[in-house]
Amino acid sequence: MGRICLAKRRYVTKIPLYEHYCPGRSSGGLQDMAKGRLMQQQKPDVRVERMFATDRRWAIGAVAVLWCLYAFTYWVLFVSKADAGVLLALAIGGGLVLLFNTASIAAMIIHYTHDKEHIYKLDIYYLDEMKRAKG
């Protein structure tokens, strides 16, 4: 049996060739078939892995620097015998900033891990085009 595709308002059969007419309903399509992606697996690009590793290192490094800055600020205020209210406000506010920033960077790294081919392929394409244009 087939189904009605609301995007084109017509009857679509279960034949995989026609499944691409319903956006969001299938993972394949004419473009994938034309490039042969449905018949063979593509090799992962080494440059994608290298770019992802570099971005992951910078993100983790930025979070580590942020943690060090907040720890140093708290330590300086603690050593200088700052008011307890100031230390408490700094601990709560700084803790929340560190928590949310660390969580967002972790989520970004996880998302990039799953979608790195899509994210970095466009960058690599334009880098290659710039190299070709320079000669």
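Points worth noting:
- Under 13 Å, Cβ to Cβ, from Thr113 - net charge with Lys/Arg +1 and Asp/Glu -1: -2
- At an R0 of 41 angstrom, the distance between the Cβ atoms of Leu66 and Asp45 translates into a FRET efficiency of 0.85.
- Computed lengthening from Thr73 to Lys134, 0.36 nm per intervening residue step minus Cα-Cα distance: 17.2 nm
- Label-zone membership for the range 56-79, site Val86, 7 angstrom Cα→C-beta point, backbone N under 15 Å: 73-79
- Karplus-derived HN-Hα couplings along the range 93-102 (A = 6.51, B = -1.76, C = 1.60, θ = phi - 60°), whole Hz, x at Gly and Pro: x, x, x, 5, 4, 5, 4, 5, 5, 5
None of the figures in this text is laboratory data; all of them are computed from the coordinates on show. Given the structure is predicted, the values throughout are model-derived calculations rather than measurements. Neighbour counts are summed over all protein chains in view; Cβ atoms, including those assigned to glycine, are modelled from backbone coordinates with ideal geometry.
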